[in-house]
Amino acid sequence: MKSHLARVITIERFILDQEELHPEATGELSNLLYDIALAAKIINSHVRMAGLADIIGSAGLINVQGEVVQKLDEFADATMQHALLRTGRVCLIGSEEDPDPIPTPPGQAAGKYVVLYDPLDGSSNIDVNVSIGTIFAVHKRLSPDGGPGVLSDCLQKGRDLVAAGYVIYGSSTMMVYTTGQGVHGFTYDPSIGEFLLSHPSITTPPQGRYYSVNESNFPRWEARVQGLVKCYKGLDCGFQPKNSRYIGSLVADFHRNLIAGGVFCYPADTKSPRGKLRLLYECAPLAMICEHAGGAATDGRQPILDVAPTELHQRSPLFIGSRDDVLLAQEMLAEPA
Ligand code: AHM
Ligand code: MG
C-alpha cells in the first residue's frame, strides 16, 4: 500500500475540502459527486460478485447501439439512475444504455446539473474477467432553472464540462475525477467501504511509452492513420518505437496510459466511418481529465473538447493521451491525403 494512503483522506473529505476553496459554492456539485461515488461502490460490489453470483451473461436484449446488453450493464445503469434522478441536483441524465435523455420524474424537483454516463464501459469483456469501468460527465443545464431538462442541455461542448471522471473496476477499484482543479485518484478500500485519496494531482508524461489501438482494423483505416500508427511503432519516421498495449476496454487502456504515459487511438474506419466511441459520455469526459493532467485529446481535426455535439449518442474518432503523441496525431492527420 502506498504510504500516502496512511493519511486516509476519504473522497468525501477531499470533495468537501475542495468546496471550501469556493465560498460561493452551494455544495450541490459536491453532493452530486458523492452520489456518483455511492453508485460506484454499489456497482463495484456487484462487479466483484459477478462470477460468483452467476449474474453475468447476455440478457438477450439489444441496446440502442445495436449491441448485446449484459445484465451488469442494466444493473449499473439502474444504479446510476437511482443515485442521480431523485436528488434534486440533476434535471436530466443521459446514458449509453438509453435511447433518449431521462428527465427527473414528475413531482420531483429538477436541479441545475446534467449527467451523461456510460454505466459499464467494456462490458463485452465481463465474462472474460477484464477490467471495466464507469465514465461520467457533468454539465450545468442551459435551460431555465426549475423546469424539466431538455436534449440541448446534453449537447454541450466538452470545454463546458464542470466535472468529469471514471471508475475503474480493475485489480483494485479506483475513482478518478476532475472539477478543473487537478485530476485526483481514489482507491477503494473494501475493508472500510471508502474511496481513499491515493493519487493526488495526477499528471501524465508528455511522451508516452505505449500506443494502444485495435490493429486488426489496420486495413480499414485511411492512409494517414496507417502512417501515424507506423510512426508510433518507430517505422518510417525516426521516432522512438513505443510498446503496444491494448486491452479493448477503454477505461483500462486510458487509465494505464494516463499513469504510465501513452496514446490511445480509436480512429474512424470503413466499418465505423464516424469512429466507434461516443463523444458525450466516453470521449469528452476522458478528454477533460487528460487535458487537466497535462495530456491532450483530438478527433484528428480539432480538440475533442471543442467538438459541438448534435446527437446524444454521437460517435467520434479519438486520439488521447500524452501531449506530444496526440499533437503528432493532430499534425499527421491534418496533412493532405
Ligand atoms: P462499449 O461501450 O459497448 O463497452 O464499447 C466500447 C469499448 C471500449 O471500452 C473499447 O475501447 C472499445 O469498445 C474496443 O473496441 P474494439 O473491440 O473494436 O477494439
Ligand atoms: Mg462504452
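Can we say Pro119 is within 18 Å of Ala284 (Cβ to Cβ), within 16 Å of ligand 1 (Cβ to nearest atom) and either surrounded by 22 or more Cβ atoms within 10 Å (Cβ to Cβ) or touching a residue at least 40 places away in the same chain (Cβ under 8 Å) (or both)? Here the answer is yes, as Pro119 does meet what is asked. Of everything listed in (1) more than 15 Å from Leu312 (Cβ to Cβ); (2) away from ligand 1 (no atom under 14 Å from the Cβ); (3) surrounded by 16 or more Cβ atoms within 10 Å (Cβ to Cβ); (4) not basic (Lys, Arg), the single unmet condition for Asn129 is (3). Would you check if Asp325 is within 17 Å of Asp269 (Cβ to Cβ) and either of a type in the set (A, V, I, L, M, F, W, C) or crowded, with 22+ Cβ neighbours inside 10 Å (or both)? In short, no.
Look through Thr173, Thr134, Thr203, Thr187 and report the one residue that is surrounded by fewer than 17 Cβ atoms within 10 Å (Cβ to Cβ) and either in the same structural domain as His313 (by TED's automatic domain parsing) or within 17 Å of the chain's Cα centre (by Cα) (or both).
Details: Thr173 fails: surrounded by fewer than 17 Cβ atoms within 10 Å (Cβ to Cβ); Thr134 fails: surrounded by fewer than 17 Cβ atoms within 10 Å (Cβ to Cβ); Thr187 fails: surrounded by fewer than 17 Cβ atoms within 10 Å (Cβ to Cβ).
So the residue among Thr173, Thr134, Thr203, Thr187 that is surrounded by fewer than 17 Cβ atoms within 10 Å (Cβ to Cβ) and either in the same structural domain as His313 (by TED's automatic domain parsing) or within 17 Å of the chain's Cα centre (by Cα) (or both) is Thr203.
How about region 95-116: which of its residues are crowded, with 18+ Cβ neighbours inside 10 Å and either within 13 Å of ligand 2 (Cβ to nearest atom) or in a loop (DSSP other than H, G, I, E, B) (or both)?
Once the filter is applied, which keeps residues that are crowded, with 18+ Cβ neighbours inside 10 Å and either within 13 Å of ligand 2 (Cβ to nearest atom) or in a loop (DSSP other than H, G, I, E, B) (or both), region 95-116 yields Ser95, Glu96, Glu97, Pro101, Thr104, Ala110, Gly111, Lys112, Leu116.
Scanning region 49-77 for residues that are exposed (fewer than 14 other Cβ atoms within 10 Å of the Cβ) and either assigned to a helix (DSSP H, G or I) or outside the structural domain of Ile36 (by TED's automatic domain parsing) (or both), we see that the one that is modelled with the lowest pLDDT is Ala53.
Kindly indicate whether Arg301 is assigned by TED's automatic domain parsing to the domain that holds Leu327 and either out of contact with any helix residue (DSSP H, G or I) (no Cβ under 9 Å at 6 or more places or on another chain) or within 19 Å of Asn125 (Cβ to Cβ) (or both). Criteria not met by Arg301.
The set of residues in region 198-234 being of a type outside the set (Gly, Ala, Ser) and free of Cβ contacts under 8 Å to residues at least 12 places away in the same chain consists of Phe218, Pro219, Gln226, Lys230.
Residue by residue, here is whether (1) in a helix (DSSP H, G or I); (2) within 16 Å of ligand 2 (Cβ to nearest atom); (3) small (Gly, Ala, Ser) holds:
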site	(1), (2), (3)
Cys237	no, no, no
Tyr246	no, yes, no
Asn257	yes, no, no
Leu280	yes, yes, no
Leu286	yes, yes, no
Glu291	yes, no, no
Glu311	no, yes, no
Glu331	yes, no, no
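Scanning region 213-255 for residues that are under 21 Å from Gly295 (Cβ atoms) and of a type in the set (Asp, Glu) yields a count of 1. Put simply, of Val251, Val225, Val229, Val263 the only residue that is of a type in the set (A, V, I, L, M) and either away from ligand 1 (no atom under 16 Å from the Cβ) or in a strand (DSSP E or B) (or both) is Val263.
Of the listed requirements (1) more than 14 Å from ligand 1 (Cβ to nearest atom); (2) surrounded by fewer than 24 Cβ atoms within 10 Å (Cβ to Cβ); (3) under 22 Å from Leu120 (Cβ atoms), Gln314 misses just one: (1).
The values are calculated or read from the model by the stated rules, or taken from the named source; none is laboratory data. Remember, it's a predicted structure, so these values are computed and weren't measured experimentally. Ideal geometry is used to build each Cβ from the backbone, glycine not excepted, and the neighbour counts take in all protein chains shown.
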